[in-house]
Amino acid sequence: MRWKIVVPLALVAVVAVVALAVAGGDSKEEKALAQVCGARADIAEQVSTLRGLTPATAKDQISQSLRAIADDLSSIAGARGDLAAEHRDQVQTANADFAKTVKDTLGSVTDLATLQTAPGTVQKAAQQLGATYQSTFAKIDCGES
């Protein structure tokens, strides 16, 4: 009598384990692309935040946004190796180009004196970042419609 109960339970357990493995088994490449796409979305959010800054709100927010963007760029760089070749080069180029733009445009507007004497500098730098985002990361296909 016990065998009738044990065998079906063992069979159910094996089927459940196999089903979970098949359903939940994202490849390294899929996980890497998801990581890149999540970081890409956060970069877009940070660029949007930077575009809305005023000289009064810029100093603290620029630092926060730059830290978030740096973390995103690092996350993307870390995931790059697990991407398929078709995405790997595109992501590398986008990451390098965007990082250079961040350094070139926002590196000069993080001190208080610049923020107070050149209010348009922040908006101009944010606009440049937005344009660079569109020409780099926005081109990466993350499957959204």
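Before moving on, here are some points about what is shown:
- Hits in the range 26-66 - residues which are outside any helix (DSSP H, G or I), surrounded by fewer than 18 Cβ atoms within 10 Å (Cβ to Cβ) and not acidic (Asp, Glu): Ser27, Gly52, Thr54
- Qualifying residue in the range 121-139 (condition: assigned to a loop (DSSP other than H, G, I, E, B) and modelled with pLDDT under 90): no
- Listed by first and then second residue, the pairs linking a residue in the range 42-67 that is within 11 Å of Gly130 (Cα to Cα) and at pLDDT 80 or above to a residue that is among the acidic types (Asp, Glu) and part of a helix (DSSP H, G or I), with Cβ atoms under 6 Å apart and 6 or more places separating them unless they lie on different chains, are Ile43/Asp72.
- Looking only at residues of the range 90-120 that are modelled with pLDDT of 90 or more and β-branched (Val, Ile, Thr), we find that the one that is surrounded by the fewest Cβ atoms within 10 Å (Cβ to Cβ) is Thr93.
The values are calculated or read from the model by the stated rules, or taken from the named source; none is laboratory data. Worth saying up front: this structure is predicted, and the values here are computed from it rather than measured. Methodologically, a virtual Cβ is constructed for each residue, glycine included, from the backbone with ideal geometry; neighbour enumeration extends over all protein chains shown.
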